[in-house]
Amino acid sequence: AAGMFLRLLSDIQWRAANPKWRRMTSSRRSTSTTAEPHPVSLPAQAQVVICGGGIIGTSVAYHLSKMGWKDIVLIEQGRLAAGSTRFCAGIVSTARPVAIELKMAHYSNQLYQQLEQETGVQTGYVKTGSISLAQTQDRLISLKRIAASLSVMGIPCEIITPKQAVQLHPLINIHDLVGAMYVPEDALVSSANVCVALATAASRNGVQIHERTTVSHVTVQKGRVTGVETDRGRIQCQYFVNCAGQWAYELGHSGEEPVHIPLHACEHFYLLTHPLKEPLASSLPTVVDPDGRIYIRNWQGGILSGGFEKNPKPLFTEGRNQLEIQNLQEDWDHYGPLLSSLLRRMPGLETLQIMQLVNCPESFTPDMRCIMGESPTARGYFVLAGMNSAGVSYGGGAGKYLAEWMVNGYPSENVWPLDLKRFGTLQSSRTFLRHRVMEVMPLMCDLKVPRWDFQTGRQLRTSPLYDRLDAQGARWMEKHGFERVKYFVPPGKDLLDLDHSKTFYKPDWFDIVGAEVKCCKEAVCVIDMSSFTKFEISSTGDEALESLQYLFSNDLDVPVGHVVHTGMLNEKGGYENDCSIARLSKRSFFMISPTDQQVHCWAWLKNHLPDDSNLTVEDVTWKYTALNLIGPRAVDVLSELSYAPMTAEHFPSLFCKEMSVGYANGIRVMSITHTGEPGFVLYIPIEYALHVYNEVMNMGQKYGIRNAGYYALRSLRIEKFFAFWGQDLDAFTTPMECGREFQVKLEKGMEFVGQEALLEQKQNGVYKRFTMFILEDHDTDMDVWPWWGEPIFRNGRYVGKTTSSAYSYTLERHVCLGFVHNYDEKTGEELVVTTDFINQGEYEIDIAGQRFQAKAKLYPFSSLFTQRRRKDEVELSGYQRE
Amino acid sequence: FYLTPPQVNSILKANEYSFKVPEFDGKNVSSVLGFDSNQLPANAPIEDRRSAATCLQTRGMLLGVFDGHAGCACAQAVSERLFYYIAVSLLPHETLLEIENAVESGRALLPILQWHKHPNDYFSKEASKLYFNSLRTYWQELIDLNSGETTDVREALINAFKRLDNDISLEAQVGDPNSFLNYLVLQVAFSGATACVAHVDGVDLHIANTGDSRAVLGVQEEDGSWSAVTLSYDHNAQNEHEVERVKMEHPKSEEKNLVKQDRLLGLLMPFRAFGDVKFKWSIELQKRVVESGPDQLNDNEYTKFIPPNYHTPPYLTAEPEVIHHKLRPQDKFLVLATDGLWETMHRQDVARIVGEYLTGVHHQQPIAVGGYKVTLGQMHGLLTERRARISSVFEDQNAATHLIRHAVGNNEFGTVDHERLSKMLSLPEELARMYRDDITIIVVQFNSHVIGACQNEE
């Protein structure tokens, strides 16, 4: 029985047990594996060099080689499957709250299932199923949400009663449970063996594998990867893939041009026991008890149980450290609370004998999602790391997506939530990472409720008005390191209550945000929007205009002073970015994009703009404070402050002008809002920010001005059917699919990126359509609120998922936005979605297992708009994500 | 009547305060990591005071505990004023001139001290002008004297102590037209206070002590055990040198009356103190001041009472004894505490309890299963027991609080007994003073890395 354990710990013995591997490698390497550490010298060049021989690195190699790339070298500093992979608990679990993670895990499961047959290497794959337990009603809601996602993907799963749970696993103590979720197809594998199987297949496809070789750094020239320096010499290559797991951060920083990969290791403990008197069946389901912070799987007739404690122990903060590696020992005092939890869940295990407490570090990322993609600074430098202790579950799918990315230019799914470029240098501080992962690791088990904010690593980027707003009761959230106001707590309200508004139901800020929304509609509000990314693009000649015309779908050859909303599209016509661009002069443009576009958009421009010294792009995000004045009285406030007429005749919408506000001159005023209400955005050089804010607030008194936050903005923009990039829009959504044909100028007389794809869509129709849903029979006070990711049903059949939702204070109803597809009833093939298809259907939205009737709309309610406005401008102004 | 553990904690933690020296670039360049302080009253109101501040115009940090008697007025005044006197004594001539010029021309003053205060540690607003004027006179004199020599810390400490006591005495003699202030300065002068002050600058630790508070250094031996090194002399009847000194200062005829029942003139426990003008002024001066003073003073039997056998005042001085110690990497912390602590705990126990607290549970041997046959249940029991053992340490986030918990709650086995703790803390006000004294503690933690680096440089 201990045989497998020994295999886990001893590579040598394990190799002997796998004759196929030895035969294959020895034939390749021409000498015996045991005698010579380096039987084959490294090649001088290769197309791809992958660093890291764990499950991630081998999965990338496997998929790349399957897709036809053959000239690949995989380098491992020790032995294959010797790092976190060797110590991994081997649970393949698809119950993931984030859709893309769920898809990766599902694919991994399918891949591992047939891997043994494909490669002949035993992977230990057993389809045991898994049971996730709920000790509270809130936990059950979150399980039901996951179950809804799994079901529409065709993954069997079931919400079961505690009694049913005990029938599936007789050891479970159910007295404190309210329910559970059963996923029968979840599996167990030996992660090390999966890794070797992947390596074996890759090797057969021509991938060269070199163990005991250490990458010292990656060389980059002119922003492109040129080669890899190792302790055994240099390999020239076009692509480098950093799959170094918890060493990925250090490796990223080893070169001259650092690649920031924000992850940090924490110790992770699990317990192994001897077999029970009556050994547990290897088919017994895995039990996950998130409220108890533990997971329990059968292992060699006994159990393997680990967990995510509240007080994690981060390590390797100062980099790889031999002393810390040696000190990685069993820490029973630290494991104590998890042991209590285990015995509470399975009291029958009291007499079970301990075999070992394993301490295996895992790497965690600042937002609990893994890191995938190409470096924004070094082309050809790819990363796949930071698995947040789910390396086995994600390994297969993540490797596939990254391989597609490298071969096809982009994966087959939207992986923006995992994209390396969602981070910048600002998340790269070791202090930040150390503090953040100490929060993230316990979160693995915490309830994921809507509108959750991280508590650590805050107040990094702030507006100059931060203290002023804070003193007025601002409650903060963070985006890309930037502090933004959620809402303002009126004086006298109980603050403690508000800080604990973590619920799936109606939150306690409901009335506060309602009052802010009302003020936006009836008077005027100020929202600090400084976090948005701001670039200035200018040239000495016409280069700026020409290149922007090529990169953007709308026509930018507009008179100076005009503002244009436009998508920055990829070849398939999908949104890489959604921005507003003001033409400041003939040769300079001011571009505003969502906050988290700072790195991605910069990289996109750098990669697509011609290398022309006449053309300059500058990130001016930090130079301006942006104040958004929303509401019918914004015009009055501004005209009084500037002694300039601001009415529609003098200052039409989508217009931009530099003017003075109060004493401050040179304020860039744009007649756009992010909500569709009338109003202006003021771009203020930061030294004037406080002055202008004070002036606006003083002058605004008589018009009933007040501060507002992003929650009000969100409610306003969703009830107006405005799509935000990053939430509703992504690289797989085109303007045609979200009712924005008017932002595409196919006839602007110039070729632009994505034009062909859009032309085709225009002729052939679209396969999904952005739609607005008004919930009909949903009780705001009593029912679980929608969030995003809820399945949409049309005439009882699944047609898509929501992407965002909010309560509309105007309609007094919940509004969900989402995409409707048209799947063929028999084949499941995607068909064209027409307006009629949308309009002629009965819709339901599934919120945590309960379906609510919804009315579908393709256009916003016109009655919501108090002012007469230019025909298309309503939709024009909605471009930003919250 | 029984206090629950949370109630006990809220009493113990009411006055706790912690300060961590801020780090720069992830490094703390000060030899002080920070300090924890706390006080537990027995008198109502408490007569102990504490102070901590960073010198801004010179380097170093000042920390002190002050034990008042016959009221808290003198201890309060000393806790507010003494550090300014020390800081001024340490200032170079140019800085003094700069400050004086700023005051003269009404410009903003350079800040001299950064205080680290618990919200309950207050400063008297009414007297600040008076105190400031006295301090200014002091620095003006220093400017006139301009010795040109660099300031010696020992001398600065001694001068500051003596000068402040002198000012307290003078202010009481001169009085103040404001009747409230007039009464205040008299209260300050007629009550008394001891002071034990530490000045830490790099590896140089100076302790200036007046009275019976005490400074003890916690030293970690090579084997990890803890020992205590006392860095102050108690000024009381138990100190032979001190008795000897007092006898030397007065005629032989008074010898048998000087120390009675271990008290100075049979009345005063500490042999050195601030204030206490009843032991310093001549009888004539005392009578004149009391008679011309406000009615409250006249009605007070204590102030009118002249000590017996009072022939050759002064009998009492505020001059401190100063001990200089070069910090070594094994010197981990310093405990400054009023006699309330030292009469209940031996310094050796204090060093051990604080040392073990600061190093945390790391001292508990880790458990290793090894080849033994251990079941999950057995392990669970073992861990639960270990947790209970260390939970008393974890309850406190403050070393001073932890020490008070032991001082008040220790049973004969040297472990905290909750029942005892609860009883001691629920004593009615009038009884509390019979079972315990006010306790004030500051635990200063040193930065061994910085101290080690400083040593190597020297």
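With the range A:35-127 as the region, which helices (runs of 4 or more DSSP H) entirely inside it contain at least 2 residues that are within 23 Å of A:VAL407 (Cα to Cα)?
Details: elements: A:55-66, A:84-87, A:99-119.
Hits in the range A:35-127: A:55-66, A:99-119.
Output the number of residues of the range A:694-716 satisfying the condition of being under 23 Å from A:LEU641 (Cα atoms), among the aliphatic types (A, V, I, L, M) and in contact with a strand residue (DSSP E or B) (Cβ under 8 Å, 6 or more places away or on another chain).
Residues flagged as under 23 Å from A:LEU641 (Cα atoms), among the aliphatic types (A, V, I, L, M) and in contact with a strand residue (DSSP E or B) (Cβ under 8 Å, 6 or more places away or on another chain) within the range A:694-716 amount to 4.
Looking at (1) within 14 Å of chain A (Cβ to nearest Cβ); (2) at pLDDT 75 or above, which one does B:VAL393 not meet, given that it meets all the others?
(2)
Within the range B:144-195, how many residues are in contact with an Asp or Glu (Cβ under 9 Å, 6 or more places away or on another chain), β-branched (Val, Ile, Thr) and farther than 21 Å from B:LYS125 by Cα?
So the answer is 3.
Do you know which residues across the range A:267-279 are in contact with a Pro (Cβ under 8 Å, 6 or more places away or on another chain) and crowded, with 24+ Cβ neighbours inside 10 Å? Please lay out each step first, then the result.
From the range A:267-279, those in contact with a Pro (Cβ under 8 Å, 6 or more places away or on another chain) are A:267-268; that's our starting set.
Across the range A:267-279, the qualifying residue is only A:HIS268.
Can you find a residue in the range A:546-568 that is β-branched (Val, Ile, Thr), under 28 Å from A:TYR410 (Cα atoms) and not in a strand (DSSP E or B)?
We begin by selecting, within the range A:546-568, every residue β-branched (Val, Ile, Thr); these are A:558, A:560, A:563-564, A:566.
Subsequent filtering for residues that are under 28 Å from A:TYR410 (Cα atoms) retains A:564, A:566.
Right, trim to not in a strand (DSSP E or B) and you get none.
Taking every residue of the range A:546-568 in turn, none turns out to be β-branched (Val, Ile, Thr), under 28 Å from A:TYR410 (Cα atoms) and not in a strand (DSSP E or B).
Could you list, ordered by first residue, the pairs with Cβ atoms under 6 Å in which the first is in the range A:838-851 and among the basic types (Lys, Arg) and the second is at pLDDT 95 or above, at least 6 apart or interchain?
A:ARG851/A:GLU844
List every residue pair whose Cβ atoms lie under 6 Å apart, where the two residues are 6 or more positions apart in sequence or sit on different chains, the first residue falls within the range A:375-389 and is over 21 Å from A:GLN598 (Cβ atoms), and the second residue, located anywhere, is part of a strand (DSSP E or B).
Within 6 Å, the pairs are A:GLY380/A:ARG224; A:GLY380/A:VAL225; A:GLY380/A:GLN238; A:GLY380/A:TYR239; A:LEU384/A:MET372; A:ALA385/A:ILE371; A:ASN388/A:PHE364; A:SER389/A:GLU362.
Which of (1) within 7 Å of another protein chain (Cβ to nearest Cβ); (2) out of contact with any strand residue (DSSP E or B) (no Cβ under 7 Å at 6 or more places or on another chain); (3) modelled with pLDDT under 85 is the odd one out, the single condition B:VAL369 does not satisfy?
It is condition (2) that B:VAL369 fails.
Could you list, ordered by first residue, the pairs with Cβ atoms under 7 Å in which the first is in the range A:277-306 and outside the structural domain of A:SER130 (by the TED database) and the second is assigned to a helix (DSSP H, G or I), at least 6 apart or interchain?
Pairs that qualify, where the first residue is outside the structural domain of A:SER130 (by the TED database) and the partner is assigned to a helix (DSSP H, G or I): there are none.
Given the structure, is B:SER30 under 30 Å from A:THR431 (Cα atoms), crowded, with 18+ Cβ neighbours inside 10 Å and at pLDDT below 90?
In short, yes.
Filter the range A:419-433 down to residues that are surrounded by fewer than 17 Cβ atoms within 10 Å (Cβ to Cβ) and more than 16 Å from A:LEU315 (Cβ to Cβ) and give me whichever is nearest to the other protein chains (Cβ to nearest Cβ).
A:SER429
Can you tell me which of B:ILE306, B:ILE353 is loosely packed, with under 15 Cβ neighbours inside 10 Å, out of contact with any Lys or Arg (no Cβ under 6 Å at 6 or more places or on another chain) and more than 14 Å from every other protein chain (Cβ to nearest Cβ)? Lay out the reasoning, then the answer.
Values: B:ILE353 fails: loosely packed, with under 15 Cβ neighbours inside 10 Å.
Checking each option against the conditions leaves just B:ILE306.
Is the range A:331-347 home to any residue that is crowded, with 20+ Cβ neighbours inside 10 Å and more than 14 Å from chain B (Cβ to nearest Cβ)?
no
With the requirement that a residue be farther than 27 Å from A:GLY302 by Cα and acidic (Asp, Glu), what does the range A:353-372 give you?
Once the filter is applied, which keeps residues that are farther than 27 Å from A:GLY302 by Cα and acidic (Asp, Glu), the range A:353-372 yields only A:ASP367.
On the given criteria, is A:GLU350 within 14 Å of another protein chain (Cβ to nearest Cβ), surrounded by fewer than 21 Cβ atoms within 10 Å (Cβ to Cβ), acidic (Asp, Glu) and under 27 Å from A:ILE160 (Cβ atoms)?
Details: within 14 Å of another protein chain (Cβ to nearest Cβ): yes; surrounded by fewer than 21 Cβ atoms within 10 Å (Cβ to Cβ): yes; acidic (Asp, Glu): yes; under 27 Å from A:ILE160 (Cβ atoms): yes.
So A:GLU350 fits the description; yes.
Give me the residue from the range A:379-398 that is part of a loop (DSSP other than H, G, I, E, B) and of a type in the set (A, V, I, L, M) and, out of that set, surrounded by the fewest Cβ atoms within 10 Å (Cβ to Cβ).
Taking the range A:379-398 and keeping what is part of a loop (DSSP other than H, G, I, E, B), we get A:380, A:386-390.
If we keep only those that are of a type in the set (A, V, I, L, M) as well, we get A:387, A:390.
On the way: A:MET387: 28, A:ALA390: 22.
So, considering only residues that are part of a loop (DSSP other than H, G, I, E, B) and of a type in the set (A, V, I, L, M), the one surrounded by the fewest Cβ atoms within 10 Å (Cβ to Cβ) is A:ALA390.
Going residue by residue through the range A:434-443, is there one that turns out to be surrounded by fewer than 17 Cβ atoms within 10 Å (Cβ to Cβ), among the basic types (Lys, Arg) and away from chain B (no Cβ under 14 Å)?
No, every residue in the range A:434-443 fails to be surrounded by fewer than 17 Cβ atoms within 10 Å (Cβ to Cβ), among the basic types (Lys, Arg) and away from chain B (no Cβ under 14 Å).
Within the range B:140-188, track down each residue that is charged (D, E, K, R) and in contact with a Cys (Cβ under 8 Å, 6 or more places away or on another chain).
Start the filter on the range B:140-188 by keeping residues that are charged (D, E, K, R), which leaves B:141, B:144, B:149, B:152, B:154-155, B:162-163, B:165, B:167, B:171, B:176.
Listed by number, the list is empty, since nothing qualifies.
Quickly run through the range A:436-464 and pick out the residues that are part of a loop (DSSP other than H, G, I, E, B) and basic (Lys, Arg). Talk me through it step by step, then tell me what you get.
Taking the range A:436-464 as the starting set, the residues that turn out to be part of a loop (DSSP other than H, G, I, E, B) are A:444-460, A:462-464.
Scanning the range A:436-464 gives A:LYS448, A:ARG451, A:ARG458.
Any residue in the range B:77-91 that is farther than 13 Å from B:TYR138 by Cβ sitting within a Cβ distance under 9 Å of a residue that is among the acidic types (Asp, Glu)? List the pairs, counting only those 6 or more apart or interchain.
Listed by first residue and then by second, the contacts come to B:VAL78/B:ASP165; B:SER79/B:ASP121.
Going by the conditions given, is A:GLU362 within 14 Å of chain B (Cβ to nearest Cβ), among the acidic types (Asp, Glu) and crowded, with 19+ Cβ neighbours inside 10 Å? Step through it out loud before you land on a result.
Details: within 14 Å of chain B (Cβ to nearest Cβ): no; among the acidic types (Asp, Glu): yes; crowded, with 19+ Cβ neighbours inside 10 Å: yes.
It is false that A:GLU362 is within 14 Å of chain B (Cβ to nearest Cβ), among the acidic types (Asp, Glu) and crowded, with 19+ Cβ neighbours inside 10 Å.
Taking the range A:316-330 only, how many residues are more than 9 Å from chain B (Cβ to nearest Cβ) and in contact (Cβ under 8 Å) with a residue 24 or more places away in the chain?
The initial filter retains those residues of the range A:316-330 that are more than 9 Å from chain B (Cβ to nearest Cβ), namely A:316-328.
Applying the additional criterion that residues be in contact (Cβ under 8 Å) with a residue 24 or more places away in the chain yields A:316-320, A:328.
So the answer is 6.
Please enumerate the residues belonging to the range B:230-260 that are in contact (Cβ under 8 Å) with a residue 40 or more places away in the chain and among the β-branched types (Val, Ile, Thr).
B:THR230, B:VAL246
Given the residues B:GLU254, B:GLU319, which is the only one that is in a helix (DSSP H, G or I) and either in contact with a His (Cβ under 9 Å, 6 or more places away or on another chain) or surrounded by fewer than 20 Cβ atoms within 10 Å (Cβ to Cβ) (or both)?
Numbers: B:GLU319 fails: in a helix (DSSP H, G or I).
So the residue among B:GLU254, B:GLU319 that is in a helix (DSSP H, G or I) and either in contact with a His (Cβ under 9 Å, 6 or more places away or on another chain) or surrounded by fewer than 20 Cβ atoms within 10 Å (Cβ to Cβ) (or both) is B:GLU254.
Does A:ASP777 count as over 25 Å from A:TYR710 (Cβ atoms) and free of Cβ contacts under 8 Å to residues at least 12 places away in the same chain? Talk me through it step by step, then tell me what you get.
Numbers: over 25 Å from A:TYR710 (Cβ atoms): yes; free of Cβ contacts under 8 Å to residues at least 12 places away in the same chain: no.
Spelling it out, it is not the case that A:ASP777 is over 25 Å from A:TYR710 (Cβ atoms) and free of Cβ contacts under 8 Å to residues at least 12 places away in the same chain.
If you take the residues of the range A:231-290 that are within 14 Å of another protein chain (Cβ to nearest Cβ) and of a type outside the set (A, V, I, L, M, F, W, C), which of them is nearest to the chain's Cα centre (by Cα)?
This residue is A:GLU267.
Would you confirm whether any residue within the range A:370-377 is surrounded by 24 or more Cβ atoms within 10 Å (Cβ to Cβ), closer than 23 Å to A:ASP186 by Cα and within 14 Å of chain B (Cβ to nearest Cβ)?
For the range A:370-377, residues surrounded by 24 or more Cβ atoms within 10 Å (Cβ to Cβ), closer than 23 Å to A:ASP186 by Cα and within 14 Å of chain B (Cβ to nearest Cβ): absent.
Scanning for something part of a helix (DSSP H, G or I) and free of Cβ contacts under 8 Å to residues at least 12 places away in the same chain, does the range A:662-676 turn up at least one residue?
Of the residues in the range A:662-676, the ones part of a helix (DSSP H, G or I) are none.
No - not one qualifying residue is present in the range A:662-676.
Out of A:ALA192, A:ALA202, A:ALA180, report the one residue that is touching a helix residue (DSSP H, G or I) at 6+ places or on another chain (Cβ under 6 Å) and either assigned to a loop (DSSP other than H, G, I, E, B) or modelled with pLDDT under 95 (or both).
Values: A:ALA202 fails: either assigned to a loop (DSSP other than H, G, I, E, B) or modelled with pLDDT under 95 (or both); A:ALA180 fails: either assigned to a loop (DSSP other than H, G, I, E, B) or modelled with pLDDT under 95 (or both).
Every option except A:ALA192 fails the conditions.
The values are calculated or read from the model by the stated rules, or taken from the named source; none is laboratory data. Everything numeric in this text was worked out from a predicted model, so none of it was measured. In this analysis, Cβ positions are derived from the backbone assuming ideal geometry, glycine residues included, and neighbour counts consider all displayed protein chains.
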